[in-house]
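Everything on this sheet refers to the single structure shown next.
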Amino acid sequence: LTTSRYPNLRRGPFAVLTDQDIHHFEKIIPGRVITGEDELLGYNTDWLKTVRGSSKVVLRPKTTQEVSEILQYCNNHNLAVNPQGGNTGMVGGSVPVFDEVIISTQLMNKIISLDTISGTLVCQAGCILETLDQFLQDYDLTMPLDLGAKGSCHIGGNVATNAGGIRLLRYGSLHGTVLGIEAVLPNGEIVDCLTTLRKDNTGYDLKQLFIGSEGTLGIITGVSIICPQRPKSISVALLGCETFQSVLDLFVSCKSHLAEILSAFEFMDSQSMTLVKENLNLTSPISDYPFYVLVECSGSNGKHDEEKLTNLLQAVLDNGQALDGCVATDSTKIKSIWGLRERCAEALMVDGYCYKYDMSLPLSKFYQLVEDLRVRLGENALRVVAYGHVGDGNLHLNITSKDYSKATMELIEPYVFDWVAEHRGSVSAEHGLGFKKRNYIYHSKTLPAVALMATLKKAIDPKGIMNPYKVLPEIIRH
Ligand code: FAD
Ligand code: S2G
Ligand code: ZN
(Lines give C-alpha, C1' and ligand atoms only; values in the text may rest on other atoms or scores of the structure.)
(Ligands and ions follow the chains in the order given, each with its own letter.)
Protein backbone atom coordinates (compact mmCIF):
# COMPACT_ATOMS: atom_id res chain seq x y z
CA LEU A 1 0.00 0.00 0.00
CA THR A 2 1.48 3.39 -0.91
CA THR A 3 -0.16 6.83 -0.70
CA SER A 4 0.10 9.56 -3.32
CA ARG A 5 2.09 11.65 -0.82
CA TYR A 6 5.07 9.28 -1.04
CA PRO A 7 4.56 7.41 -4.31
CA ASN A 8 7.90 5.61 -4.18
CA LEU A 9 7.59 4.54 -0.55
CA ARG A 10 5.80 1.31 0.39
CA ARG A 11 3.85 1.15 3.68
CA GLY A 12 5.46 -1.41 6.00
CA PRO A 13 3.83 -4.82 6.79
CA PHE A 14 1.89 -3.40 9.75
CA ALA A 15 -1.70 -4.05 10.78
CA VAL A 16 -4.45 -1.56 9.98
CA LEU A 17 -6.25 -0.13 13.01
CA THR A 18 -9.57 -1.81 13.84
CA ASP A 19 -12.50 -0.86 16.08
CA GLN A 20 -11.39 -3.58 18.49
CA ASP A 21 -8.03 -1.82 18.81
CA ILE A 22 -9.76 1.50 19.56
CA HIS A 23 -12.00 -0.27 22.06
CA HIS A 24 -8.97 -1.78 23.77
CA PHE A 25 -7.20 1.60 23.95
CA GLU A 26 -10.35 3.13 25.43
CA LYS A 27 -10.13 0.53 28.20
CA ILE A 28 -6.50 1.40 28.97
CA ILE A 29 -6.93 5.21 28.84
CA PRO A 30 -10.66 6.03 28.97
CA GLY A 31 -11.49 9.45 27.47
CA ARG A 32 -7.96 10.02 26.22
CA VAL A 33 -8.28 8.37 22.79
CA ILE A 34 -8.66 10.89 19.93
CA THR A 35 -10.26 9.71 16.68
CA GLY A 36 -12.05 12.84 15.41
CA GLU A 37 -10.88 13.86 11.92
CA ASP A 38 -10.49 17.58 12.78
CA GLU A 39 -8.66 16.96 16.04
CA LEU A 40 -6.31 14.47 14.33
CA LEU A 41 -5.16 17.02 11.74
CA GLY A 42 -2.87 18.97 14.11
CA TYR A 43 -1.22 15.77 15.32
CA ASN A 44 -0.76 14.58 11.71
CA THR A 45 0.87 17.84 10.54
CA ASP A 46 4.38 18.96 11.46
CA TRP A 47 5.36 22.48 12.58
CA LEU A 48 6.85 23.24 9.16
CA LYS A 49 3.71 21.98 7.40
CA THR A 50 5.89 20.03 4.97
CA VAL A 51 4.92 16.45 5.91
CA ARG A 52 1.55 15.00 6.83
CA GLY A 53 0.52 11.65 8.34
CA SER A 54 -2.78 9.83 8.10
CA SER A 55 -3.03 8.45 11.62
CA LYS A 56 -6.56 7.50 12.68
CA VAL A 57 -5.88 7.68 16.41
CA VAL A 58 -3.95 9.69 19.00
CA LEU A 59 -3.41 8.11 22.41
CA ARG A 60 -2.69 10.33 25.41
CA PRO A 61 -1.40 8.27 28.35
CA LYS A 62 -0.68 9.84 31.72
CA THR A 63 1.57 7.20 33.25
CA THR A 64 4.46 4.93 32.36
CA GLN A 65 2.27 1.93 33.12
CA GLU A 66 -0.30 3.06 30.56
CA VAL A 67 2.45 3.55 27.96
CA SER A 68 3.66 0.04 28.75
CA GLU A 69 0.20 -1.50 28.24
CA ILE A 70 -0.34 0.46 25.02
CA LEU A 71 3.01 -0.49 23.52
CA GLN A 72 2.66 -4.14 24.52
CA TYR A 73 -0.73 -4.24 22.77
CA CYS A 74 0.58 -2.48 19.65
CA ASN A 75 3.56 -4.83 19.51
CA ASN A 76 1.37 -7.92 19.88
CA HIS A 77 -1.04 -6.65 17.22
CA ASN A 78 1.70 -5.41 14.87
CA LEU A 79 0.52 -1.79 15.00
CA ALA A 80 3.20 0.77 14.10
CA VAL A 81 3.50 3.75 16.49
CA ASN A 82 4.75 7.35 16.28
CA PRO A 83 5.78 8.86 19.66
CA GLN A 84 5.02 12.59 19.75
CA GLY A 85 6.00 15.37 22.17
CA GLY A 86 5.47 19.05 21.34
CA ASN A 87 5.51 18.34 17.57
CA THR A 88 8.11 21.06 16.92
CA GLY A 89 10.61 18.71 15.23
CA MET A 90 12.05 19.87 11.91
CA VAL A 91 12.87 16.64 10.10
CA GLY A 92 9.46 15.00 9.79
CA GLY A 93 10.08 12.62 12.68
CA SER A 94 7.17 13.67 14.84
CA VAL A 95 4.28 12.87 12.51
CA PRO A 96 3.35 9.54 10.87
CA VAL A 97 4.40 8.71 7.31
CA PHE A 98 1.29 6.58 6.83
CA ASP A 99 -1.28 5.63 9.51
CA GLU A 100 0.96 4.89 12.50
CA VAL A 101 -0.70 5.20 15.93
CA ILE A 102 0.35 8.50 17.53
CA ILE A 103 1.27 8.25 21.21
CA SER A 104 1.45 11.75 22.68
CA THR A 105 3.23 12.69 25.93
CA GLN A 106 1.02 15.77 26.29
CA LEU A 107 -0.57 14.54 29.54
CA MET A 108 2.65 13.16 31.03
CA ASN A 109 3.63 16.51 32.48
CA LYS A 110 4.35 15.92 36.15
CA ILE A 111 7.47 17.12 37.94
CA ILE A 112 8.58 14.21 40.11
CA SER A 113 11.35 15.64 42.27
CA LEU A 114 13.99 18.36 42.58
CA ASP A 115 17.11 17.97 44.70
CA THR A 116 17.93 21.62 45.43
CA ILE A 117 21.44 20.79 46.66
CA SER A 118 22.68 18.96 43.54
CA GLY A 119 20.20 20.73 41.20
CA THR A 120 18.89 17.41 39.90
CA LEU A 121 15.36 17.48 38.45
CA VAL A 122 13.30 14.38 37.75
CA CYS A 123 10.17 14.82 35.61
CA GLN A 124 7.87 13.10 33.18
CA ALA A 125 8.75 13.31 29.47
CA GLY A 126 5.80 15.50 28.55
CA CYS A 127 6.86 18.51 30.63
CA ILE A 128 7.20 21.58 28.43
CA LEU A 129 10.73 23.01 28.46
CA GLU A 130 9.65 26.56 29.33
CA THR A 131 7.39 25.32 32.16
CA LEU A 132 10.33 23.47 33.68
CA ASP A 133 12.55 26.54 33.42
CA GLN A 134 9.89 28.69 35.09
CA PHE A 135 9.51 26.10 37.88
CA LEU A 136 13.29 26.16 38.45
CA GLN A 137 13.37 29.96 38.71
CA ASP A 138 12.11 29.85 42.33
CA TYR A 139 15.09 27.66 43.23
CA ASP A 140 17.73 29.82 41.48
CA LEU A 141 18.23 27.04 38.96
CA THR A 142 17.83 26.91 35.17
CA MET A 143 17.34 24.26 32.48
CA PRO A 144 20.69 23.44 30.78
CA LEU A 145 19.16 23.99 27.32
CA ASP A 146 17.09 26.68 25.65
CA LEU A 147 15.63 26.80 22.16
CA GLY A 148 13.16 28.85 20.19
CA ALA A 149 10.52 26.13 20.59
CA LYS A 150 10.71 26.26 24.43
CA GLY A 151 7.02 27.15 24.75
CA SER A 152 5.85 23.94 23.06
CA CYS A 153 8.62 21.31 23.00
CA HIS A 154 8.62 18.57 25.61
CA ILE A 155 11.73 17.54 27.55
CA GLY A 156 11.12 13.99 26.26
CA GLY A 157 11.24 15.29 22.69
CA ASN A 158 14.35 17.32 23.50
CA VAL A 159 16.06 14.16 24.76
CA ALA A 160 14.73 12.04 21.88
CA THR A 161 16.22 14.49 19.37
CA ASN A 162 19.30 15.31 21.48
CA ALA A 163 18.32 18.94 21.01
CA GLY A 164 21.16 21.48 21.04
CA GLY A 165 19.86 25.03 21.23
CA ILE A 166 21.33 28.37 22.11
CA ARG A 167 23.02 27.41 25.39
CA LEU A 168 24.93 24.28 24.36
CA LEU A 169 28.13 26.34 24.22
CA ARG A 170 27.78 26.97 27.95
CA TYR A 171 26.14 23.88 29.41
CA GLY A 172 27.07 21.16 26.93
CA SER A 173 24.88 18.56 25.25
CA LEU A 174 22.09 16.45 26.73
CA HIS A 175 24.47 13.48 26.52
CA GLY A 176 26.19 15.15 29.46
CA THR A 177 23.40 16.90 31.35
CA VAL A 178 20.83 14.06 31.26
CA LEU A 179 21.64 11.79 34.21
CA GLY A 180 18.92 9.21 33.72
CA ILE A 181 16.03 8.09 31.58
CA GLU A 182 12.98 5.92 32.05
CA ALA A 183 11.79 4.43 28.77
CA VAL A 184 9.27 1.82 27.59
CA LEU A 185 10.41 -0.68 24.96
CA PRO A 186 8.10 -1.84 22.15
CA ASN A 187 7.33 -5.06 24.08
CA GLY A 188 6.10 -2.98 27.02
CA GLU A 189 9.17 -3.55 29.17
CA ILE A 190 9.96 -0.55 31.38
CA VAL A 191 13.66 0.36 31.39
CA ASP A 192 14.25 2.25 34.63
CA CYS A 193 17.56 4.04 34.28
CA LEU A 194 16.15 7.08 36.07
CA THR A 195 19.21 7.55 38.25
CA THR A 196 20.02 10.94 39.77
CA LEU A 197 23.66 10.03 40.35
CA ARG A 198 26.22 12.15 38.52
CA LYS A 199 28.56 9.19 38.35
CA ASP A 200 27.58 5.60 37.79
CA ASN A 201 30.08 3.49 35.89
CA THR A 202 28.35 0.13 36.19
CA GLY A 203 27.93 -1.47 32.79
CA TYR A 204 26.82 0.05 29.46
CA ASP A 205 25.34 3.54 29.78
CA LEU A 206 21.95 2.56 28.29
CA LYS A 207 20.38 6.04 28.56
CA GLN A 208 22.78 7.23 25.86
CA LEU A 209 21.04 4.92 23.38
CA PHE A 210 17.74 6.74 23.85
CA ILE A 211 19.25 10.25 23.69
CA GLY A 212 18.86 11.15 20.00
CA SER A 213 16.94 7.94 19.13
CA GLU A 214 14.03 9.99 17.74
CA GLY A 215 11.33 7.57 18.90
CA THR A 216 12.79 4.57 17.05
CA LEU A 217 13.85 2.48 20.08
CA GLY A 218 11.25 3.17 22.73
CA ILE A 219 9.18 5.89 24.38
CA ILE A 220 11.02 8.07 26.90
CA THR A 221 8.63 8.49 29.83
CA GLY A 222 10.91 10.05 32.47
CA VAL A 223 14.03 12.22 32.50
CA SER A 224 16.48 13.17 35.21
CA ILE A 225 18.65 16.14 34.37
CA ILE A 226 21.23 18.29 36.14
CA CYS A 227 20.15 21.95 36.30
CA PRO A 228 22.83 24.62 36.65
CA GLN A 229 22.66 27.66 38.95
CA ARG A 230 20.48 30.36 37.38
CA PRO A 231 22.76 33.27 36.36
CA LYS A 232 22.15 36.40 38.44
CA SER A 233 23.25 38.73 35.68
CA ILE A 234 22.67 38.34 31.94
CA SER A 235 23.88 40.78 29.30
CA VAL A 236 23.68 40.57 25.55
CA ALA A 237 25.71 42.39 22.90
CA LEU A 238 24.68 42.63 19.26
CA LEU A 239 27.68 43.33 17.03
CA GLY A 240 28.00 44.12 13.32
CA CYS A 241 30.84 42.52 11.32
CA GLU A 242 32.23 43.07 7.81
CA THR A 243 33.24 39.49 6.93
CA PHE A 244 32.62 35.99 8.20
CA GLN A 245 36.31 35.78 9.03
CA SER A 246 35.80 38.67 11.46
CA VAL A 247 32.91 36.71 13.02
CA LEU A 248 35.38 33.88 13.67
CA ASP A 249 38.06 36.24 14.98
CA LEU A 250 35.41 37.77 17.22
CA PHE A 251 34.55 34.33 18.58
CA VAL A 252 38.17 33.86 19.68
CA SER A 253 38.21 37.32 21.27
CA CYS A 254 34.98 36.56 23.14
CA LYS A 255 36.37 33.33 24.52
CA SER A 256 39.53 35.02 25.72
CA HIS A 257 37.88 38.16 27.14
CA LEU A 258 34.71 36.64 28.57
CA ALA A 259 35.94 33.10 29.34
CA GLU A 260 33.57 31.41 31.82
CA ILE A 261 30.73 33.97 31.53
CA LEU A 262 30.25 33.46 27.78
CA SER A 263 26.90 31.65 27.45
CA ALA A 264 25.96 32.03 23.76
CA PHE A 265 27.57 33.04 20.47
CA GLU A 266 25.07 33.13 17.61
CA PHE A 267 25.36 34.65 14.12
CA MET A 268 22.97 35.92 11.46
CA ASP A 269 23.88 37.05 7.99
CA SER A 270 22.40 40.25 6.56
CA GLN A 271 19.81 38.25 4.60
CA SER A 272 18.53 36.75 7.88
CA MET A 273 18.26 40.19 9.47
CA THR A 274 16.37 41.45 6.39
CA LEU A 275 14.11 38.38 6.67
CA VAL A 276 12.99 39.07 10.25
CA LYS A 277 12.60 42.79 9.56
CA GLU A 278 10.51 42.27 6.41
CA ASN A 279 8.43 39.28 7.51
CA LEU A 280 7.93 40.01 11.21
CA ASN A 281 8.46 43.81 11.34
CA LEU A 282 11.17 43.39 13.94
CA THR A 283 13.69 46.19 14.51
CA SER A 284 17.38 45.86 15.21
CA PRO A 285 19.38 48.32 17.34
CA ILE A 286 22.18 48.25 14.74
CA SER A 287 21.76 47.76 11.03
CA ASP A 288 23.16 47.27 7.56
CA TYR A 289 26.09 45.02 8.29
CA PRO A 290 26.99 41.90 6.30
CA PHE A 291 27.03 39.82 9.51
CA TYR A 292 25.58 40.11 13.00
CA VAL A 293 26.77 38.36 16.13
CA LEU A 294 24.75 37.93 19.31
CA VAL A 295 27.03 37.45 22.32
CA GLU A 296 25.43 36.55 25.64
CA CYS A 297 27.17 36.64 29.02
CA SER A 298 25.69 35.03 32.11
CA GLY A 299 27.34 35.35 35.49
CA SER A 300 26.84 35.92 39.18
CA ASN A 301 28.09 39.51 39.41
CA GLY A 302 26.68 42.12 37.02
CA LYS A 303 29.47 44.64 37.69
CA HIS A 304 32.18 42.09 36.96
CA ASP A 305 30.40 40.94 33.78
CA GLU A 306 29.73 44.43 32.50
CA GLU A 307 33.39 45.34 32.97
CA LYS A 308 34.49 42.29 30.95
CA LEU A 309 31.94 42.96 28.22
CA THR A 310 32.87 46.64 27.96
CA ASN A 311 36.55 45.74 27.66
CA LEU A 312 35.69 43.20 24.97
CA LEU A 313 33.65 45.71 23.00
CA GLN A 314 36.41 48.29 23.18
CA ALA A 315 38.99 45.77 22.01
CA VAL A 316 36.99 44.43 19.04
CA LEU A 317 35.88 47.88 17.88
CA ASP A 318 39.51 49.04 18.06
CA ASN A 319 40.84 46.06 16.09
CA GLY A 320 37.99 46.16 13.56
CA GLN A 321 36.62 42.70 14.30
CA ALA A 322 33.35 44.54 14.99
CA LEU A 323 32.23 47.67 13.11
CA ASP A 324 29.47 48.51 15.57
CA GLY A 325 27.88 47.11 18.68
CA CYS A 326 25.33 47.66 21.41
CA VAL A 327 24.87 46.10 24.85
CA ALA A 328 21.59 45.27 26.55
CA THR A 329 21.25 44.45 30.24
CA ASP A 330 17.54 45.00 30.80
CA SER A 331 15.33 41.97 30.13
CA THR A 332 13.06 43.72 27.58
CA LYS A 333 15.93 44.75 25.32
CA ILE A 334 17.62 41.39 25.81
CA LYS A 335 14.38 39.64 24.79
CA SER A 336 14.01 41.80 21.69
CA ILE A 337 17.59 41.14 20.57
CA TRP A 338 17.17 37.39 21.13
CA GLY A 339 13.88 37.63 19.20
CA LEU A 340 15.79 38.67 16.07
CA ARG A 341 17.69 35.37 16.19
CA GLU A 342 15.12 33.00 17.70
CA ARG A 343 12.30 34.00 15.37
CA CYS A 344 14.15 33.29 12.11
CA ALA A 345 12.32 29.97 11.73
CA GLU A 346 8.94 31.68 12.14
CA ALA A 347 9.91 34.45 9.70
CA LEU A 348 10.88 31.89 7.05
CA MET A 349 7.39 30.39 7.13
CA VAL A 350 5.92 33.71 5.94
CA ASP A 351 7.75 33.34 2.60
CA GLY A 352 5.95 30.10 1.72
CA TYR A 353 7.92 26.85 1.43
CA CYS A 354 11.16 26.41 3.42
CA TYR A 355 13.99 24.02 2.50
CA LYS A 356 15.74 23.65 5.86
CA TYR A 357 19.30 22.46 6.50
CA ASP A 358 20.97 22.08 9.88
CA MET A 359 24.65 21.27 9.37
CA SER A 360 27.82 20.92 11.36
CA LEU A 361 30.81 22.25 9.43
CA PRO A 362 34.44 23.07 10.15
CA LEU A 363 34.42 26.80 10.99
CA SER A 364 36.99 27.49 8.27
CA LYS A 365 34.46 26.36 5.63
CA PHE A 366 31.33 27.40 7.51
CA TYR A 367 29.99 30.18 5.31
CA GLN A 368 31.44 28.92 1.99
CA LEU A 369 28.48 26.59 1.54
CA VAL A 370 26.05 29.51 1.74
CA GLU A 371 27.95 31.46 -0.92
CA ASP A 372 28.27 28.42 -3.22
CA LEU A 373 24.57 27.64 -2.88
CA ARG A 374 23.55 31.24 -3.65
CA VAL A 375 25.53 31.04 -6.89
CA ARG A 376 24.02 27.65 -7.73
CA LEU A 377 20.41 28.68 -7.07
CA GLY A 378 20.46 32.16 -8.63
CA GLU A 379 16.86 33.14 -9.35
CA ASN A 380 15.53 29.70 -8.31
CA ALA A 381 15.00 30.77 -4.73
CA LEU A 382 13.16 33.58 -3.02
CA ARG A 383 15.75 33.77 -0.24
CA VAL A 384 18.87 31.97 0.93
CA VAL A 385 19.56 32.86 4.56
CA ALA A 386 22.08 31.59 7.11
CA TYR A 387 22.21 31.85 10.87
CA GLY A 388 23.11 29.55 13.73
CA HIS A 389 25.15 28.44 16.66
CA VAL A 390 28.66 29.36 15.50
CA GLY A 391 30.02 28.30 18.89
CA ASP A 392 28.86 24.74 18.13
CA GLY A 393 29.98 24.82 14.49
CA ASN A 394 26.26 24.52 13.63
CA LEU A 395 24.94 26.29 10.53
CA HIS A 396 21.23 26.76 9.86
CA LEU A 397 20.92 27.21 6.12
CA ASN A 398 17.40 27.96 4.87
CA ILE A 399 16.11 28.51 1.35
CA THR A 400 12.57 29.67 0.56
CA SER A 401 10.27 29.71 -2.45
CA LYS A 402 6.67 30.79 -2.63
CA ASP A 403 5.49 27.22 -3.20
CA TYR A 404 7.33 23.91 -3.15
CA SER A 405 9.36 23.60 -6.35
CA LYS A 406 10.79 20.25 -7.47
CA ALA A 407 13.30 22.10 -9.68
CA THR A 408 14.58 24.10 -6.70
CA MET A 409 14.69 21.00 -4.47
CA GLU A 410 16.71 19.14 -7.12
CA LEU A 411 19.19 22.01 -7.30
CA ILE A 412 19.61 21.84 -3.52
CA GLU A 413 19.60 18.09 -2.81
CA PRO A 414 21.81 16.07 -2.91
CA TYR A 415 24.25 18.97 -3.69
CA VAL A 416 24.09 20.43 -0.17
CA PHE A 417 24.63 17.05 1.50
CA ASP A 418 27.48 16.13 -0.88
CA TRP A 419 29.11 19.48 -0.13
CA VAL A 420 28.90 18.87 3.62
CA ALA A 421 30.26 15.31 3.29
CA GLU A 422 33.16 16.56 1.13
CA HIS A 423 34.07 18.99 3.94
CA ARG A 424 33.68 16.30 6.61
CA GLY A 425 30.70 17.95 8.26
CA SER A 426 27.44 16.43 9.49
CA VAL A 427 24.21 16.51 7.51
CA SER A 428 22.31 16.99 10.76
CA ALA A 429 23.87 18.87 13.67
CA GLU A 430 20.99 18.93 16.14
CA HIS A 431 17.57 18.33 14.50
CA GLY A 432 18.15 14.64 13.82
CA LEU A 433 17.44 12.65 10.64
CA GLY A 434 13.74 11.90 11.14
CA PHE A 435 11.93 11.05 7.90
CA LYS A 436 13.40 13.69 5.62
CA LYS A 437 17.12 13.07 6.05
CA ARG A 438 17.35 9.35 6.88
CA ASN A 439 18.60 8.39 3.40
CA TYR A 440 21.50 10.83 3.76
CA ILE A 441 22.85 9.10 6.87
CA TYR A 442 25.69 7.59 4.80
CA HIS A 443 26.93 11.13 4.12
CA SER A 444 27.91 11.29 7.79
CA LYS A 445 28.20 7.70 9.02
CA THR A 446 30.15 4.69 7.71
CA LEU A 447 28.45 1.54 6.40
CA PRO A 448 29.50 -0.57 9.41
CA ALA A 449 28.26 2.13 11.83
CA VAL A 450 24.83 2.19 10.20
CA ALA A 451 24.75 -1.61 10.11
CA LEU A 452 25.47 -1.69 13.86
CA MET A 453 22.65 0.82 14.45
CA ALA A 454 20.34 -1.52 12.49
CA THR A 455 21.48 -4.47 14.68
CA LEU A 456 20.66 -2.52 17.84
CA LYS A 457 17.30 -1.45 16.38
CA LYS A 458 16.49 -5.08 15.50
CA ALA A 459 17.39 -6.28 18.99
CA ILE A 460 15.25 -3.65 20.73
CA ASP A 461 12.39 -3.37 18.23
CA PRO A 462 12.32 -6.70 16.34
CA LYS A 463 8.98 -5.93 14.64
CA GLY A 464 10.10 -2.41 13.68
CA ILE A 465 6.93 -0.80 15.06
CA MET A 466 8.74 2.15 16.66
CA ASN A 467 8.55 5.21 14.41
CA PRO A 468 9.12 3.25 11.16
CA TYR A 469 10.59 5.06 8.07
CA LYS A 470 12.64 7.33 10.40
CA VAL A 471 16.35 7.78 11.20
CA LEU A 472 17.65 4.58 9.58
CA PRO A 473 17.78 4.50 5.76
CA GLU A 474 15.53 2.35 3.60
CA ILE A 475 18.56 0.34 2.49
CA ILE A 476 21.01 -0.93 5.12
CA ARG A 477 24.19 -1.42 3.06
CA HIS A 478 26.90 -3.80 4.37
P1 FAD B 1 8.48 16.22 18.61
O2 FAD B 1 8.66 17.18 17.50
O3 FAD B 1 7.13 15.88 19.06
O4 FAD B 1 9.25 14.84 18.23
C5 FAD B 1 10.58 14.91 17.74
C6 FAD B 1 11.11 13.48 17.59
O7 FAD B 1 11.26 12.88 18.87
C8 FAD B 1 10.17 12.56 16.80
O9 FAD B 1 10.94 11.62 16.08
C10 FAD B 1 9.37 11.87 17.89
O11 FAD B 1 8.93 10.59 17.47
C12 FAD B 1 10.40 11.75 19.00
N13 FAD B 1 9.83 11.83 20.35
C14 FAD B 1 9.15 12.87 20.90
N15 FAD B 1 8.84 12.60 22.19
C16 FAD B 1 9.37 11.36 22.46
C17 FAD B 1 9.42 10.52 23.62
N18 FAD B 1 8.86 10.89 24.78
N19 FAD B 1 10.05 9.33 23.52
C20 FAD B 1 10.63 8.93 22.35
N21 FAD B 1 10.61 9.67 21.23
C22 FAD B 1 10.00 10.87 21.30
N23 FAD B 1 16.10 22.04 17.82
C24 FAD B 1 17.38 22.15 18.30
O25 FAD B 1 18.06 21.13 18.50
N26 FAD B 1 17.94 23.36 18.55
C27 FAD B 1 17.27 24.54 18.37
O28 FAD B 1 17.81 25.62 18.58
C29 FAD B 1 15.92 24.46 17.90
N30 FAD B 1 15.21 25.58 17.71
C31 FAD B 1 13.92 25.49 17.26
C32 FAD B 1 13.18 26.65 17.08
C33 FAD B 1 11.86 26.59 16.63
C34 FAD B 1 11.08 27.85 16.47
C35 FAD B 1 11.28 25.32 16.34
C36 FAD B 1 9.87 25.21 15.85
C37 FAD B 1 12.01 24.15 16.51
C38 FAD B 1 13.33 24.23 16.96
N39 FAD B 1 14.10 23.07 17.15
C40 FAD B 1 15.39 23.16 17.61
C41 FAD B 1 13.57 21.73 16.77
C42 FAD B 1 12.71 21.04 17.85
O43 FAD B 1 12.17 22.02 18.71
C44 FAD B 1 13.53 20.08 18.66
O45 FAD B 1 13.90 19.00 17.85
C46 FAD B 1 12.79 19.56 19.90
O47 FAD B 1 13.69 18.85 20.71
C48 FAD B 1 11.60 18.67 19.57
O49 FAD B 1 10.87 18.45 20.77
P50 FAD B 1 9.31 18.05 20.67
O51 FAD B 1 8.84 17.74 22.04
O52 FAD B 1 8.59 19.07 19.88
O53 FAD B 1 9.38 16.68 19.85
C1 S2G C 1 17.42 27.48 15.47
C2 S2G C 1 15.60 26.00 14.48
C3 S2G C 1 15.06 26.81 13.45
C4 S2G C 1 15.61 26.62 12.07
O5 S2G C 1 16.78 28.51 15.26
O6 S2G C 1 18.44 27.42 16.18
O7 S2G C 1 17.53 25.10 15.44
O8 S2G C 1 15.19 27.42 11.26
C9 S2G C 1 17.06 26.20 14.74
O10 S2G C 1 16.39 25.73 11.78
ZN1 ZN D 1 19.39 25.52 16.18
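The values are calculated or read from the model by the stated rules, or taken from the named source; none is laboratory data. Keep in mind that what you see is a predicted model, and the values were worked out from it rather than measured. Methodologically, a virtual Cβ is constructed for each residue, glycine included, from the backbone with ideal geometry; neighbour enumeration extends over all protein chains shown. Just so you know, the surface numbers come from the protein's heavy atoms only, side chains and all, with ligands and any DNA or RNA stripped out. Shrake-Rupley method; radii C 1.70, N 1.55, O 1.52, S 1.80 Å.
The chymotrypsin sites (Phe, Trp or Tyr not before Pro) of the stretch 133-227 that meet both conditions, a loop assignment by DSSP and at most 11 other Cβ atoms within 10 Å of the site Cβ, are Tyr204. Here the stretch 106-156 and the stretch 236-308 have alpha carbon centers that stand 27 Å from each other. All other residues whose Cβ lies under 14 angstrom from that of Asp21 are scored, Lys and Arg at +1 and Asp and Glu at -1, for a net of -3. Between Ile34 and Gln208, the C-beta separation translates, for a Förster distance of 30 Å, into a calculated FRET efficiency of about 0.35. Within the stretch 383-421, list the residues whose amide N lies under 18 Å from a label point set 7 Å along Cα→Cβ of Val370. So the set is 383-401, 416-417, 419-420. The relative contact order of the stretch 225-374, computed from alpha carbon pairs under 8 Å that lie at least 6 residues apart in sequence, is 36 percent. The stretch between Asp200 and Glu410 holds 70.8 nm of extra length on full extension. This uses 0.36 nm per residue minus the Cα-Cα distance. A DSSP coil position with no more than 14 other Cβ atoms inside 10 Å describes the following trypsin sites (Lys or Arg not before Pro) in the stretch 387-478: Lys402, Arg424, Arg477. Across the chain, the relative contact order, built from alpha-carbon pairs under 8 Å that are at least six residues apart, equals 15 percent. Cross-linked pairs Lys49/Lys458; Lys49/Lys463; Lys27/Lys62; Lys62/Lys110: Cα-Cα separations exceed 21 Å for Lys49/Lys458; Lys49/Lys463.
Accessible surface ranking for Arg383, Arg10, 1.4 angstrom probe, highest first: Arg10, Arg383.
Local charge for Leu206 was computed over the other residues whose Cβ lies under 15 Å away, with Lys and Arg +1 and Asp and Glu -1, and equals -4.
Residues in the stretch 41-56 carry Karplus couplings, in order, of 4, x, 6, 8, 10, 7, 4, 7, 6, 10, 10, 9, x, 10, 5, 9 Hz; the curve used is 6.51 cos²θ - 1.76 cosθ + 1.60 with θ = phi - 60°, and Gly or Pro positions show x. The residues neighbouring Lys470, those whose beta-carbon lies less than 13 Å from its own, together hold a net charge of -1 under the Lys/Arg +1, Asp/Glu -1 convention. Of the chymotrypsin sites (Phe, Trp or Tyr not before Pro) found in the stretch 361-448, those in coil by DSSP whose Cβ has at most 15 other Cβ atoms within 10 Å are Tyr404. Ranked by solvent-accessible area (1.4 Å probe, protein heavy atoms only, all chains present), the residues Glu296, Glu379, Glu189, Glu130 order from largest to smallest as Glu379, Glu189, Glu130, Glu296.
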